[in-house]
Ligand SMILES: Nc1ncnc2c1ncn2[C@@H]1O[C@H](COP(=O)(O)OP(=O)(O)O)[C@@H](O)[C@H]1O
Ligand SMILES: Nc1ncnc2c1ncn2[C@@H]1O[C@H](COP(=O)(O)OP(=O)(O)O)[C@@H](O)[C@H]1O
Ligand SMILES: [Mg+2]
Ligand SMILES: [Mg+2]
Ligand SMILES: [Mg+2]
Ligand SMILES: [Mg+2]
């Protein structure tokens, strides 16, 4: 099916929803980052998404690529740290993949998300099991593609993606980190959720909610 | 009475006893100094009296002036702070007053202690009620002189002096300090014992014990 | 949280404002959060640019000035600056001879500086070389981690390479000297207390009164392990031994920096240096240039780190060259 | 107690040993606990001697060197040195032109230095002049107290008068300049936390998490009053207002020092200076020379103090003259 079922408005709602979830979980994300990192992931993501929403308030998005490229560039230029370039690149690639249209089919959205993941991997070189946002992102996209590829709706795909992202997030707990700051802790990084995987799960929770969840 | 009833040995015992009391009360004196000063009176007095005892161990005192001048000089050169010059001067004056004899009468000892007090006042300019060691020292000497002047023994005089010193120490609690570091606190210095008055009470406790108490 | 601040979110802006007021010899761009020399370098000389998260003061802003950096880019506390900031500073300091980026090895810093140099090269045609400082021996299995952290050697490198740039060397030789200095430096740190990130509002980690963290970095991250408090002489061993095990420091003049993490007073830092100096001398290591103080800090963390740099006559000469910055100053 | 030390009683000796190892440009007498210049001053010039309890580093040992002190005498932590120590240093530094004792106004310091100068004059015939620094506006009723404490102005005075002595002025004029500088300086301090005296083993005073002390000195003594924690902008007012109420600082160039108490990181000190600078400018006070950092500390206390010195052209010229000490260095 190639029905353009996901609208620009829904995707705007996704980003606004993500911003709210990040703001609500700012303290929690920073606590996770205290255990294995430098206690700033909540502040970083909150600063970035607040800036994105401000940009969207100033000038509504005109097309999908406008929406996501502006989001990506805003994150790159306001977040810093590891999450700035990673989330920024993710959204920039989404914008490139979706182009100047005003709606997308489930498979188009799935392909765009995968382009985003590839951008994250290009930047950060993370692999499965490194205990990073990759470990929530990759299973989420597999689940999304599985549903969308077998004829499911975008809403169904988003719901499956959220569940997989949450499972991926939870699976980071026992891992010993091999990327990012948490890797400096060696064995001591085990037993804690990865902050980036946790914010990525929020990203898919927001998508699920925006597409009808 | 001008009987030479206080021996060199008893006065050596006084100083050794004072050293023990100071060592036992080191933490307490420092706690008092934490409340109104800089948390070092216990360490200061302990360092000084330990050095005095070491000196006495190395070379036994040959006469009263030798005993007290060496004590005073040792305190001056090892204590520092306010208590070094004050206690140091006190003992130096004792030595000058008692001279090269090997025993003293109660009235001679009383006169020597008063010479010590005068030295403290010359150095520190403290007056009654300033909340300093003066407030234990001055009443102690008045009591000592009262007993010794009316024919009491040195032991009786020392006992009265200790009781007066203790009362003088206790009476420093409500005072607002006008000398030393405690004066910087203004009204906040009230409600705390003065550390120096407390160590001075220990000095007379030791005298009382050494002379038979 | 007890800090001399107005609001957690305003710390960086307010502190930069105070820095600008205190140091007329630098110029602060408050919007882009960049510290520049008030008097730019002569045309034709390679410019040195560094930056990173804030909270490590005097690093990096305190090292802007004659003989050291041309600009420092400040990120939020413990958060690397963004590519836009770095690109802006890069374009501004370039005199035509190119710019050396001095980047501490953290995922975020490396990615943001990479994006910036791509942008600067593409948009403004500025030649950029990058040295990534990675000297922390607490990070052992570099293959299974983000690699060694960049810590104390950064300070020494900025000084030494800054002097070389001042001499007028070209970008390639400045960059290769920078890599040589990085290869010759090793650091190890420890903490008595956690720091408190203003935006987090409480200590990053809990550390009981009788414990210390060994192998910490400069971001309040917990260390490699935790152990009972020990006397300074033992702490000195815990710093010296892993460094000497990692590189042979004998047979060359060594620059030694005993660095405070921000909350430890000088009386303790000198005491620690005394213990370190004894161990180094016993190990046959010759300290040619000692440096003791707060040079690369972790907010209000109590603790210290040791950095040793295996020098040679050229490096010592560059070390001794005049430097006029708020954080390091001699010879002028 | 979390400190980088071996034993509480060994702190001073161990720290001096590390200081000696770190600074070959000074010579440390470990027995008498005196820091001297490695290269003594030329004969015929007035020598400057200071000292006091330890725990205020870099004061005083860190200010020994060209353009500042000739020697610094270290007492135990927060305990003034003894007359013997001071006398020994006085005899050693005298070049024949006499010695200026710079004494902070505390009962113990004044008495010990007095006894020392009596001894030095009597025994060695050294001409001694004394300046007693008393600049702390937190001590208000000087008549009913030991008088104002000597705090931040001490640092500025040692620098300025050190430059004058280097010029070869005689003892009387060096001493009268010192008194003039003291009269022109005012300080005010505050603490977020108590310090911990090593020998005491625990904080000198308890301060709840939401409270701060205003009007503290440099010995961990409690301040004049305690109040709720406040933003930096309000803290700045609490420091600036009593100083400006005590002396008119308008119409003259002012040297301003925002000093850290030892446990507050530079990022906060700069932030505080920013707030102070705004208030001074609003009050019409012109800061000609700002100085921000840890210059006269109180062990590991978190907090800061402000010192203003009403200068003139002569004082500024002396301030700008070269100084080469571990704690303050410029111009050479
Ligand atoms: N190389 C990498 N690839 C993918 N994700 C990474 C990588 N390095 C770090 N991350 C993610 O970034 C998160 C940390 O982000 P943040 O705390 O904002 O940045 P920083 O680590 O610079 O402080 C980690 O929890 C992890 O999920
Ligand atoms: N001017 C003075 N005259 C008499 N006694 C004084 C004077 N100043 C201080 N003292 C005494 O000294 C005591 C403090 O001694 P100490 O703590 O050893 O010295 P410092 O105050 O220098 O730290 C005070 O408790 C007080 O009794
Ligand atoms: Mg982080
Ligand atoms: Mg005291
Ligand atoms: Mg970070
Ligand atoms: Mg004292």
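Any read-out appearing in this document is the output of simple, stated calculations on the displayed coordinates, not a laboratory observation. A quick note: this is a predicted structure, and the numbers were derived from the prediction, not measured. Counting neighbours? That spans all protein chains shown, and the Cβs are built from the backbone with ideal geometry, glycine included.
Arranged by the count of other C-beta atoms within 10 angstrom, fewest first, what order do B:14, D:330 take? Could the numbers behind the result be given before it?
On the way: B:14 21, D:330 16.
Ordered by Cβ neighbours within 10 Å, fewest first: D:330, B:14.
Estimated from helical segments only, the mean residue ellipticity of chain C at 222 nm is -10500 deg cm²/dmol, where each DSSP H run of four or more residues counts as -39500 (n - 2.57). Full extension of the segment from residue D:172 to residue D:122, taken as 0.36 nm per residue of separation minus the current Cα-Cα distance, would add 16.1 nm. Above 26 Å lies some portion of the pair distances; for chain A, what is it as a whole percent of all C-alpha pairs? Distances greater than 26 Å cover 27 percent of the Cα pairs. Take every Cα pair under 8 Å whose residues are at least 6 apart in sequence, average their separation, divide by the length of chain B, and the relative contact order is 24 percent. Inter-label distance, residue A:24 to residue D:332: 6.7 nm, where each label sits 7 Å from its Cα along the C-beta direction. With a/c under 1.5 counting as rounded, go ahead and sort chain D into rounded, prolate or oblate using the C-alpha gyration tensor (a ≥ b ≥ c being the square roots of the eigenvalues; past the cut-off, prolate if a/b is larger than b/c, else oblate). Taking the square roots of the gyration eigenvalues as a ≥ b ≥ c, chain D is oblate.
Taking 0.36 nm per residue of separation and subtracting the Cα-Cα distance, full extension of the segment from residue D:245 to residue D:38 would add 70.2 nm. Relative to the dominant Cα principal axis of chain A, helix A:64-78 is inclined by about 30°. Each of C:306, C:207 was scored by other Cβ atoms within 10 Å of its Cβ. Listed from fewest to most, they are C:207, C:306.
May I ask for the angle, rounded to the nearest 10°, between helix B:41-58 and the longest principal axis of chain B, with both axes built from Cα atoms and the value confined to 0 to 90°? Approximately 20 degrees, to the nearest 10. Projection of the Cα convex hull of the range A:124-203, averaged over all directions and equal to a quarter of that hull's surface, yields 4.8 nm².
Across chain C, the mean sequence separation of Cα contacts (distance under 8 Å, 6 or more residues apart), normalised by length, yields a relative contact order of 18 percent.
Dividing the Cα radius of gyration of the range B:72-161 by 2.2 N^0.38 Å, with N the residue count, gives 1.09. Rounded to two decimals, the Cα-based Rg/Rh of the protein assembly as shown, with Kirkwood Rh, is 1.05. When both bridge partners sit in the protein assembly as shown, DSSP labels roughly 55% of those beta bridges antiparallel. What separates the residue C:322 label point from its copies, with the point 7 Å along Cα to Cβ, is 1.1 nm, written shortest first. Taking label points 7 Å from Cα along the Cα-to-Cβ direction, residue D:314 and residue D:144 give a separation of 3.8 nm. Scaling the Cα radius of gyration of the range C:187-251 by the globular reference 2.2 N^0.38 Å produces a ratio of 1.26. Between this copy and the others, label points of residue B:187 are 6.0 nm apart in ascending order, each placed 7 angstrom from Cα in the Cβ direction. Placing a label point 7 Å from Cα along the Cα-to-Cβ direction at residue C:172 gives distances to the equivalent points in the other copies of 7.0 nm, listed shortest first.
Which order do D:115, C:261 fall in if you start with the one that has the fewest other Cβ atoms within 10 Å?
By the 10 Å Cβ count, ascending, the order reads D:115, C:261.
Could you work out how far helix A:134-149 tilts from the main Cα principal axis of chain A, as a 0 to 90 degree angle to the nearest 10? For helix A:134-149, the angle is close to 30 degrees.
With the Cα gyration tensor of the range D:8-184 giving a ≥ b ≥ c as the square roots of its eigenvalues, does the rule (a/c under 1.5 for rounded; else a/b larger than b/c for prolate; else oblate) give rounded, prolate or oblate?
rounded
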